[in-house]
Amino acid sequence: MSKQAPFPTPPQKSVRLTEEEVQAVLLVRAFEEADSDGTLLSRGERQQAARTAQATSFERFLVQRARPLVEALERELAILPRLRRAVRLRVSLIWIVLAALVLGLVSNLLGPEKRINVIANPLAGLIVWNLAIYVLILAGSLLRFAPSSSSKWNVQPALSLATRLASWPARAAGREMAGSKPNGIATLASGTGRFLETWNRTARVLLSARVRSALHCGAAVAVVGAIGGMYVRGMLFEYQASWESTFLTADQVQALLAALLGPAAAISGIALPDVAEIQGGQAGTAAAWIHLYALTTVLLVIVPRTLLSLSSALRARSLRSSLELPIDASYYRRLQSQGGGGEVRVRILPYSYGLSAPRGDRLKSLLHDVLGARARITIEPPLTYGEIPAGFEELGSGPASHGWRILLFNLSQTPESEVHGELVEKLKRSTERGGHMVVLADASAWRERAGQSPAFEQRLVEHRRTWDRVVRDAGLRAVHLDLDLGPSDDLVSEVEAGVYPPQLAKGTAKIGS
């Protein structure tokens with residue numbers, strides 16, 4: 001197999017992809033992590049996708065690897081394309097405009113009676129409400145630059161709504177799958193849940209921009225419809241204007257209305273009426289007040305809301321083509337070794353330990369998760385007590401990508417510095433000339449014999465501490481595991497942290513370099 005040049009190291013913390021590409025990568029990740037048994041995505045499909053991805057950068061490798069896997073998932077789950085569209089929260093602008101316009105037309109901002117209170121009416125309340133919204137938006141923008149604050153808007157309610165809309169066909173797809181794939185429903189539920197969680201976290205800036213654009217657009221159009229409805233009613237009915245107050249005088253009300261409606265009066269040329277003439281039980285024609293309030297609403301509601309909607313829409317459009325995807329999780333570090341390194345050859349050296357076939361398969365699966373699909377793993381015959389593996393000096397003489405050894409101990413053994421510690425130290429010295437090694441201590445055989453009990457758990461903790469001390473004295477770190485359990489992200493991270501030399505513990509992209 002030909003080698004590829006390794007991707008840049010140390011690993012990038014994030015890459016920028018399009019919205020569709022980020023969704024594809026996150027969808028594949030979610031189902032790979034949820035589908036450990038290969039119910040929907042077999043290991044062969046995953047390895048084939050990695051082999052066929054020809055890319056010179058890690059972000060393009062992620063995208064090219066994800067495409068065939070997404071197609072495989074969608075062949076099994078026809079609901080996935082609809083689910084992906086739903087959680088993007090992209091609603092057609094025409095539906096927003098029509099709904100908001102109808103809502104505005106059926107509203108009655110002039111009130112149910114044919115008399116308008118010039119200081120307490122729905123239009124005044126609408127203006128005050130929007131001014132309060134602008135203050136909150138401004139405060140949020142200022143807090144965005146505060147070091148201890150978060151500017152990210154949680155769109156979980158909207159995302160949950162989109163998820164519920166797609167949940168019925170998703171459940172139907174799971175029921176159809178249950179006959180041929182018994183684990184299908186559980187895998188679908190777990191994979192979908194993981195995808196929605198990571199998608200919401202990764203794309204919430206984009207999603208919040210879309211939500212804000214839709215809300216601002218809807219608010220502006222609703223007010224346009226409301227003003228239109230107001231003038232229709234004004235043509236069909238005669239409205240009178242008045243006001244009354246327990247605490248405010250006519251001069252105070254005149255000053256208040258001059259501050260609120262003055263700009264509209266200056267622009268329109270309509271003089272602000274004298275409020276003293278319509279105080280208490282007196283009333284006057286409402287036409288001038290309706291015109292001034294309508295123009296003020298245009299200035300303070302429709303224009304700002306339209307600009308805010310356009311700003312959010314442009315922000316969403318920009319993010320759609322360049323969305324940040326964090327890739328500092330162990331999942332992406334494992335993929336870096338698959339796409340960027342050469343072939344990895346690994347020798348597992350069980351020490352005085354008869355490793356059963358199922359446990360050997362689980363250990364291989366764990367190492368594939370750590371080292372990538374290209375790892376060629378060999379389980380050597382068990383070493384006898386006190387034996388030094390043949391040819392261990394040569395293990396460290398070749399290229400780093402060809403010099404991996406996994407020293408596997410049975411945790412039930414009592415570690416001895418003169419025996420176990422010496423073996424670790426000798427392998428460590430050979431590793432310093434090239435190659436990598438990890439020391440594993442497996443508790444599965446011991447737990448199988450002892451069973452579950454508080455006394456055993458206490459002994460297990462103490463025994464692990466003893467192994468930690470012996471291996472640490474030899475200059476390495478013991479990684480504890482139970483091979484009766486499947487791989488997990490935490491265990492993968494533990495193995496990565498236990499790699500010697502220690503500078504390779506962070507980011508397996510160096511493997512094969």
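Before moving on, here are some points about what is shown:
- Sequence-distant residues sharing a close amide H with ARG376 (under 5 Å, placed H): VAL344, ARG345, VAL346
- Amide H contacts under 5 Å for HIS436, placed H, 5+ residues apart: GLY403, TRP404, ARG405
- Computed 3J(HN,Hα) for the range 263-278, one whole-Hz value per residue from the Karplus formula 6.51 cos²θ - 1.76 cosθ + 1.60 where θ = phi - 60°, is x, 5, 5, 5, 6, 7, x, 7, 5, 6, x, 7, 6, 5, 6, 10, glycine and proline marked x.
- Chymotrypsin sites (Phe, Trp or Tyr not before Pro) within the range 197-262: DSSP coil, no more than 10 neighbouring Cβ in 10 Å: PHE237, PHE247
- Taking other C-beta atoms within 10 angstrom as a stand-in for reagent exposure, HIS216, HIS463 fall in the order HIS463, HIS216, fewest first.
- Protection proxy ranking, highest mean first, for peptides 250-258, 349-357, 492-500: 492-500, 349-357, 250-258, where packing is the per-residue count of other beta-carbon atoms within 10 Å, averaged.
- Coarse-grained scattering of the range 205-309 at q = 0.12, 0.24 Å⁻¹, given as base-10 log I(q)/I(0) from a Debye sum over alpha-carbon atoms: -0.52, -1.25
- Cα centroids of the range 424-463 and the range 40-63: 33 Å apart.
- Extension gain from SER107 to TRP129, taking 0.36 nm per residue of separation minus the Cα-Cα distance: 6.3 nm
Since every read-out is calculated from the coordinates, none of them should be taken as a lab result. Keep in mind it's a predicted model, so treat the numbers as computed, not measured. Positions of Cβ are backbone-derived with ideal geometry, glycine not excepted, and every protein chain shown enters the neighbour counts.
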